[in-house]
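Below you'll find the structure, written out as structure tokens, and then a few comments.
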Amino acid sequence: MTAAAHADQPVPMPRGRRRTELLLLIFALAVVLFAYVAVGLGLNGKVPPGIPGYILVFALLMLAAHVAIRRFAPFADPLMLPLAALLNGLGIVMIYRLQESGRDGNPGNQVTLITTSATKLQLLYSGIGVLGLVLVLVLISETRVLARYTYTLGAIGLFLLAIPALLPSSHSVVNGAKVWIKFGGFSIQPGEFARLAIAVFLAGYLVAKRDVLALAGRRFLGIDLPRARDLGPVLIAWVASMLILIFETDIGQSALFFGMFIVMLYIATQRTSWLLIGFGLFVAGTLVIAKLVQHVGERFTVWLHPFAGSNPTGIAYQNVQGLEGMAFGGLFGTGLGHGQPFFTPLVQSDFIFTAFGEELGLTGAMALLLIFGLLVQRGLRAAIAVKDPFSKVLAGGLSFVLALQVFVIVGGVSGLIPLTGVTTPFLSQGGSSLVASWILIALLIRTSNSARKPAPQPIQDEGMTQVVRAA
Amino acid sequence: MNRALLRLSLACLAMFALLLININYVQAFETTKLAGEPGNVRIFDQQFKYQRGAILANGDGTDVKIADSQLIKGTDTYRRVYPFPKVYAPVTGYDTIYGQSGIEETENSLLNGTDPRLAVHNFTALLTGKQKQGATVELTISPAAQLAAYQALLADGGHPAAVVALDPTSGRVLALASYPTFNPNVLTTFNGTKFNQIDKALINAPGQPLLNRAISETYPPGSSFKVVTSSAAFSTHKVANTSSLVPAPTVLTLPNGHHLINDGGEVCGNGNPQIIQAFYMSCNTAFGKLGMSLTAPVLRDYSSKFGMNAPMRIPLPVVPSVVPEVQGWTDPSLTAFTAIGQFNDAVTPMQEAMFSAAIANNGTLMKPYMVQQVKGPGLSVIESQTPSVLSQAVSPTVAGYMKSMMQQVTNNPGGTAFATASPQATGGIVIYGKTGTAQNGIDNGNLNDAVFTCFVPVEANAPRPIAVGVIVQGGGFGADAAAPIAVALIKAYEQAHG
């Protein structure tokens with residue numbers, strides 16, 4: 001192709017696809033609206049009275065996010081916001097459904113932990129989450145600028161992570177897990193934010209050191225083992241996650257940290273041996289701790305024998321209720337408002353997926369998983385498309401940790417793996433998880449914007465030589 | 001780095017695939033198992049929120065509702081109602097907040113609508129907004145026979161007793177009654193504490209009303225077992241035909257020195273009568289001697305051909321009637337007692353009916369069953385039972401010999417049941433049968449159990465063939481206590497079909 005022929009082709013103008021995003025967002029909002037109406041009809045045959053308020057506020061929040069993306073990340077992936085909005089909206093609908101059961105003439109039992117302000121609070125948290133998204137987009141012009149704060153964010157992350165372990169139990173334990181900061185009526189789970197800060201730290205650290213880490217040591221059974229001295233950081237991360245496991249009795253959180261670390265190490269170095277070593281270490285460590293710490297060992301018993309002996313009414317009560325709820329939903333579910341998800345303890349947080357399984361059936365539960373899967377794949381796509389290594393490692397790690405979180409909690413409540421208490425991103429009741437999830441999505445949106453942004457146009461066509469006239 | 005990211009996205013895909021497979025397993029493949037887990041609070045909570053299927057007795061050609069679900073006024077809750085509670089209790093069983101028994105238990109998944117075969121209907125109901133509904137179970141029970149059986153047991157005056165009637169040509173259970181019995185309506189309360197009180201009272205009540213004597217309890221068959229002994233003797237050609245002579249001493253000295261005598265020590269004919277006479281007079285010595293020459297294993301083989309020594313479901317579980325292989329059971333001295341239905345022989349009233357059913361059907365024993373068909377809420381037939389052969393007990397020739405012998409029991413003035421089951425006594429209905437008066441208890445210290453097995457032969461031109469087995473615990477003579485119950489039942493059944 002000659003230069004002249006090339007010049008004749010119209011240069012395709014890269015499109016931001018913001019209109020697609022808006023259409024998809026309106027579709028997502030419509031689904032949420034209908035789900036909300038369905039809850040009211042299911043519970044007592046009436047359209048819920050607060051409907052205009054709730055839906056209007058939620059729609060305005062999401063449209064605000066859309067406008068922010070239009071302004072600050074015009075080339076971002078158009079799917080991420082609608083997918084996250086759909087999950088967030090359905091989460092609010094389910095919390096509303098659980099909040100209303102057993103109240104004001106609605107059938108069912110009251111879930112005592114859910115107050116009548118739960119839906120409003122969740123809406124408020126969504127607002128804070130969207131604010132977080134906007135702030136990320138405004139303050140961080142390119143993902144890679146975060147690399148400047150590698151060690152600062154690393155220190156902040158570790159500090160956040162350690163607070164609950166250092167605080168007295170009265171200020172840090174909720175439902176057996178010592179992962180909270182609790183003062184008065186206010187409580188946050190710093191681990192959710194620590195994970196994001198540590199992800200940034202890891203991306204910066206690993207990109208800086210990846211050449212050393214990728215150096216091969218001995219070859220064993222067809223895999224290249226790293227040099228012993230390079231194992232240091234992995235071992236430190238392993239010990240740290242095991243310490244979280246012991247002091248905060250939280251397998252889920254430690255699995256997320258460790259999984260994220262190993263995967264980011266793998267992306268940075270491309271060495272499969274890191275994955276194998278990491279996975280082996282985690283499984284071995286968990287098994288040993290399961291033997292030593294009763295709370296952890298119990299989880300394995302519950303996983304393997306939920307229906308044995310007195311387990312269904314004892315230690316496996318929650319899991320059994322969740323499983324029976326999902327099974328009761330069957331293929332098509334009981335319909336929103338028609339099931340009895342309130343029988344499952346903590347159904348509004350850890351077990352919210354089983355409530356969807358019960359009322360929306362296998363079809364609805366599969367749809368939710370596909371939405372999560374799509375979100376993860378869009379994040380990974382951004383990681384692949386973006387140019388700079390720091391953004392690649394960060395976006396890859398964040399996408400993976402989102403997938404891992406869904407895997408750990410959905411796998412846990414559906415009996416695939418031992419149950420560990422992590423929240424379901426976007427769906428579970430609670431502010432920390434929701435806000436952190438929105439910030440995670442904001443970082444992925446920012447990365448996808450960098451990836452899809454057209455390269456700056458040259459000022460002039462290099463094919464032509466400028467003629468300088470001699471005076 | 002992109003290679004690592006691509007691999008990672010495959011790993012994420014695999015993770016989501018695993019989750020999808022797992023929830024498919026839980027919500028599509030394991031639903032029935034999880035629904036059946038004891039203490040499943042969702043199933044428990046739902047079970048009275050929609051109409052459980054009815055149970056019908058259709059043995060007389062019209063549907064008679066014997067269990068129904070009725071909406072309690074002003075609520076969304078259904079309560080189980082049994083219109084003829086005590087008459088059908090051994091058949092229907094009960095449906096309570098904590099569990100079921102009887103047909104309510106064996107057909108539970110169909111009645112409550114969780115059976116996979118109802119899934120399509122339930123799904124349509126979901127889409128059209130109709131209410132989920134259980135399937136209707138139609139039984140082979142004849143309301144006329146069942147009511148007569150219950151009333152006859154009641155009239156007998158307080159002995160624990162049970163009666164079973166079969167259609168010998170198909171195996172259909174026509175009646176299944178047990179006394180004393182209970183009222184399942186009192187167990188349908190939704191109040192757990194009240195239920196436990198009532199349940200406890202029933203369990204501890206004298207006479208064990210919850211025990212289904214017709215199929216869950218065994219009794220010594222006594223002389224009615226001579227049907228098996230004679231069948232074995234004819235089939236093995238130890239005895240050629242009904243007029244063959246058999247030794248029947250007044251006192252039979254056994255190898256171990258004990259003596260076997262006839263009932264009341266009476267003489268059996270001339271001491272060497274035709275087998276048919278020994279049978280209608282029910283001479284113990286003749287059949288004791290015959291049993292010894294047959295040997296215990298052969299007697300056991302023939303008892304198995306009549307359906308003994310094996311459990312059975314009709315679909316209610318029937319405990320096995322047995323000639324047990326206890327230690328020393330082949331000892332000839334003991335075999336002499338086995339041959340006359342004593343020693344360790346034990347049978348259910350159901351088995352007594354099966355002895356006659358096999359003979360009445362020319363030696364072919366049909367498998368007893370109670371559920372004729374199951375209809376979905378749309379009246380579509382989900383399940384339908386066709387008669388099947390359980391075993392060939394004896395050849396048609398031997399069945400012919402047995403019929404002649406059983407005819408004499410009721411028709412010969414010297415027969416044990418002439419007074420109570422001859423055509424003169426039954427108002428013209430021809431019944432063939434065999435009585436039994438079984439000694440039991442330690443050192444035979446208990447009152448004798450009265451046993452009667454009988455049938456209306458096809459040849460008798462009665463409207464319908466029927467085979468009946470009756471056992472009255474402590475009733476005394478089989479002919480006196482048990483036969484009238486069978487006769488009352490047969491009369492009612494034939495009248496209903498006349």
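Go through (1) hydrophobic (A, V, I, L, M, F, W, C); (2) within 19 Å of the chain's Cα centre (by Cα); (3) not in a strand (DSSP E or B) one by one and return the number of the condition B:ALA419 breaks.
Exception for B:ALA419: condition (2).
Go through region A:317-343 and count every residue that is more than 10 Å from every other protein chain (Cβ to nearest Cβ), crowded, with 24+ Cβ neighbours inside 10 Å and of a type in the set (Gly, Ala, Ser).
Selection size over region A:317-343: 0.
Return only the number of the condition from (1) closer than 22 Å to A:LEU160 by Cβ; (2) more than 13 Å from the chain's Cα centre (by Cα); (3) crowded, with 24+ Cβ neighbours inside 10 Å; (4) more than 10 Å from every other protein chain (Cβ to nearest Cβ) that A:SER391 does not satisfy.
Every condition holds for A:SER391 apart from (1).
Mind checking which residues of region B:121-174 are of a type in the set (S, T, N, Q) and part of a loop (DSSP other than H, G, I, E, B)?
Correct list: B:GLN131, B:THR140, B:SER142, B:THR169, B:SER170.
Identify the single condition in (1) facing another protein chain (nearest Cβ under 10 Å); (2) surrounded by fewer than 21 Cβ atoms within 10 Å (Cβ to Cβ); (3) assigned to a loop (DSSP other than H, G, I, E, B) that A:ALA308 does not satisfy, given that it satisfies every other one.
(1)
Give the residue, chosen from A:SER432, A:SER399, A:SER437, that is in a helix (DSSP H, G or I), touching a strand residue (DSSP E or B) at 6+ places or on another chain (Cβ under 9 Å) and either in contact (Cβ under 8 Å) with a residue 40 or more places away in the chain or within 14 Å of chain B (Cβ to nearest Cβ) (or both).
A:SER432
Within the group B:ALA278, B:ALA286, which residue is free of Cβ contacts under 8 Å to residues at least 40 places away in the same chain and among the aliphatic types (A, V, I, L, M)?
Exactly one residue qualifies, and that residue is B:ALA278.
Look at B:ILE359 and say whether it is in a loop (DSSP other than H, G, I, E, B), at pLDDT 90 or above and under 22 Å from B:MET281 (Cα atoms).
no
Among residues belonging to region B:274-327 that are polar (S, T, N, Q) and over 19 Å from B:MET350 (Cβ atoms), point out the one that is farthest from the chain's Cα centre (by Cα).
Per the criteria, the residue is B:GLN274.
Tell me, yes or no, whether region B:331-347 has at least one residue that is at pLDDT 95 or above, of a type outside the set (Phe, Trp, Tyr) and part of a loop (DSSP other than H, G, I, E, B).
No: region B:331-347 contains no residue that is at pLDDT 95 or above, of a type outside the set (Phe, Trp, Tyr) and part of a loop (DSSP other than H, G, I, E, B).
Please work out if B:ILE43 is under 34 Å from the mean Cα position of the chain (by Cα), at the interface with chain A (Cβ under 10 Å from one of its Cβ atoms) and under 30 Å from B:PRO83 (Cβ atoms).
yes
Which of the numbered conditions does A:GLY314 fail, given that it passes all the others? Conditions: (1) facing chain B (nearest Cβ under 9 Å); (2) surrounded by fewer than 24 Cβ atoms within 10 Å (Cβ to Cβ).
If we test A:GLY314 against (1) facing chain B (nearest Cβ under 9 Å); (2) surrounded by fewer than 24 Cβ atoms within 10 Å (Cβ to Cβ), just (1) comes out false.
Every residue in region A:242-294 that is of a type in the set (Gly, Ala, Ser), crowded, with 22+ Cβ neighbours inside 10 Å and either touching a Phe, Trp or Tyr at 6+ places or on another chain (Cβ under 8 Å) or outside any helix (DSSP H, G or I) (or both), please.
Of everything in region A:242-294, those that are of a type in the set (Gly, Ala, Ser), crowded, with 22+ Cβ neighbours inside 10 Å and either touching a Phe, Trp or Tyr at 6+ places or on another chain (Cβ under 8 Å) or outside any helix (DSSP H, G or I) (or both) turn out to be A:ALA255, A:GLY259.
Show the residue pairs that are 6+ apart or on different chains and have beta-carbon atoms under 7 Å apart, the first residue being within region B:9-38 and more than 8 Å from chain A (Cβ to nearest Cβ), the second being of a type outside the set (Lys, Arg) and buried (at least 16 other Cβ atoms within 10 Å of the Cβ).
Qualifying pairs under 7 Å: B:THR32/B:THR114.
Just one of B:LYS49, B:LYS73, B:LYS65 is of a type outside the set (Ser, Thr, Tyr), farther than 20 Å from B:ASN183 by Cα, without any contact (Cβ under 8 Å) to a residue 40 or more places away in the chain and more than 14 Å from chain A (Cβ to nearest Cβ); which is it?
The unique qualifying residue is B:LYS73.
I'd like to know if region A:344-365 contains one or more residues that are at pLDDT 95 or above, within 8 Å of another protein chain (Cβ to nearest Cβ) and over 30 Å from B:THR32 (Cβ atoms).
No, region A:344-365 contains no residue that is at pLDDT 95 or above, within 8 Å of another protein chain (Cβ to nearest Cβ) and over 30 Å from B:THR32 (Cβ atoms).
Restricting attention to region A:449-464, does a residue exist that is crowded, with 24+ Cβ neighbours inside 10 Å, over 11 Å from the mean Cα position of the chain (by Cα) and either within 14 Å of another protein chain (Cβ to nearest Cβ) or at pLDDT 80 or above (or both)?
Taking every residue of region A:449-464 in turn, none turns out to be crowded, with 24+ Cβ neighbours inside 10 Å, over 11 Å from the mean Cα position of the chain (by Cα) and either within 14 Å of another protein chain (Cβ to nearest Cβ) or at pLDDT 80 or above (or both).
Which one of these does B:GLY102 not meet: (1) within 30 Å of B:VAL173 (Cα to Cα); (2) within 12 Å of chain A (Cβ to nearest Cβ)?
So the condition that B:GLY102 fails would be (2).
Among what's in region B:219-266 and is loosely packed, with under 14 Cβ neighbours inside 10 Å and hydrophobic (A, V, I, L, M, F, W, C), pick the residue that is nearest to B:GLY307 (Cα to Cα).
Once the filter is applied, the top-ranked residue is B:ALA240.
Out of all the residues in region A:45-54, is one or more touching a Leu at 6+ places or on another chain (Cβ under 6 Å), of a type outside the set (Asp, Glu) and either within 24 Å of A:SER141 (Cα to Cα) or assigned to a helix (DSSP H, G or I) (or both)?
Checking region A:45-54: not a single residue is touching a Leu at 6+ places or on another chain (Cβ under 6 Å), of a type outside the set (Asp, Glu) and either within 24 Å of A:SER141 (Cα to Cα) or assigned to a helix (DSSP H, G or I) (or both).
Only residues that are among the acidic types (Asp, Glu) and either under 23 Å from B:THR437 (Cα atoms) or buried (at least 24 other Cβ atoms within 10 Å of the Cβ) (or both): list them for region B:478-498, please.
Scanning region B:478-498 gives a single hit, B:ASP480.
For region B:445-498, give me the residue count where each residue is hydroxyl-bearing (Ser, Thr, Tyr) and part of a helix (DSSP H, G or I).
Total meeting the criteria: 1.
The values are calculated or read from the model by the stated rules, or taken from the named source; none is laboratory data. Note that the structure is predicted; figures quoted are calculated from it, not measured. With ideal geometry, Cβ positions are generated from the backbone for all residues, glycine too; neighbour counts draw on all protein chains shown.
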